[in-house]
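Inspection log for the structure reproduced underneath, given as structure tokens.
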Amino acid sequence: MKKIKLIMMAVLVTVLAVGCSKGAENNTSTSEVSPEVIITKIQELLSTSYDIPLQDGALPGYNVIDMTDPEQMLMYEGTFNTEDIESGYILQPMMNVKSELVMVAKAKDATALENIKAGYEKVLSDQDAMWSQYLPDQYEFVKGNVIKTQGNYALYVTSEKAEEIVKLFEEQVK
């Protein structure tokens, strides 16, 4: 009887150890997704939605800005501190005739995440002021803006495809 109990305990401990280690592996892999991968998947989504083929892996007519590069972030000077951003990218049209704007950032820590979110709020305020005055048709997309945080990731979306982009973001960082 004691042998059966010992065997049962050994099996139970083994099952628990294997189950817990698989859970830990899954958490590690999902937290390791990079904003670069997410922004690439967003470009693929927009490419399909707008029926515009990617050129060399990029969406034609759009810029991708590295949020950790102070030179590339001059347009957003005073809005974001590049020191808060572990990794991040901005996708925006080259010509300022569409309000579409997507930002994906991974913060270094919880305080940095709050700073990034505050930066997103400032960008929204700036977009609201500009588009409500100059291009009311694009302002509809600004009104549907989404700011989402999940873990150390932050997403900013102004797009007619906002729902699809948010869903993709959530799938990537879950």
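Read-outs throughout are calculated quantities, based only on the coordinates presented, and are distinct from any laboratory measurement. None of the values given here were measured: they were computed from a predicted structure. In this analysis, Cβ positions are derived from the backbone assuming ideal geometry, glycine residues included, and neighbour counts consider all displayed protein chains.
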Report summary line: For the ILE52, LYS167 Cβ pair and Förster radius 30 Å, calculated FRET efficiency rounded to 0.05 is 0.90
Query raised in the report: Quick one: if you stick a label point 7 Å off each Cα along the C-beta vector at GLU140 and GLU83, how many nm between them?
Result: 4.4
Report summary line: the range 32-174: relative contact order from alpha carbon pairs under 8 Å, six or more residues apart, as a whole percent, is 22
Query - Cα-derived Rg to Rh of the range 118-162, Kirkwood definition - result: 1.01
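What are the GluC sites (Glu not before Pro) within the range 37-128 that DSSP puts in a loop, where the Cβ has at most 11 other Cβ atoms within 10 Å?
Numbers: sites: GLU44, GLU71, GLU77, GLU83, GLU86, GLU100, GLU114, GLU121; in loops: GLU71, GLU100.
Taking the range 37-128 and a limit of 11 other Cβ atoms within 10 Å, the loop GluC sites (Glu not before Pro) found are GLU71.
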Requested in this report: Note down the nm distance, to one decimal, between modelled labels 7 Å out along Cα→Cβ at ASN96 and at GLU114.
Outcome: 3.2
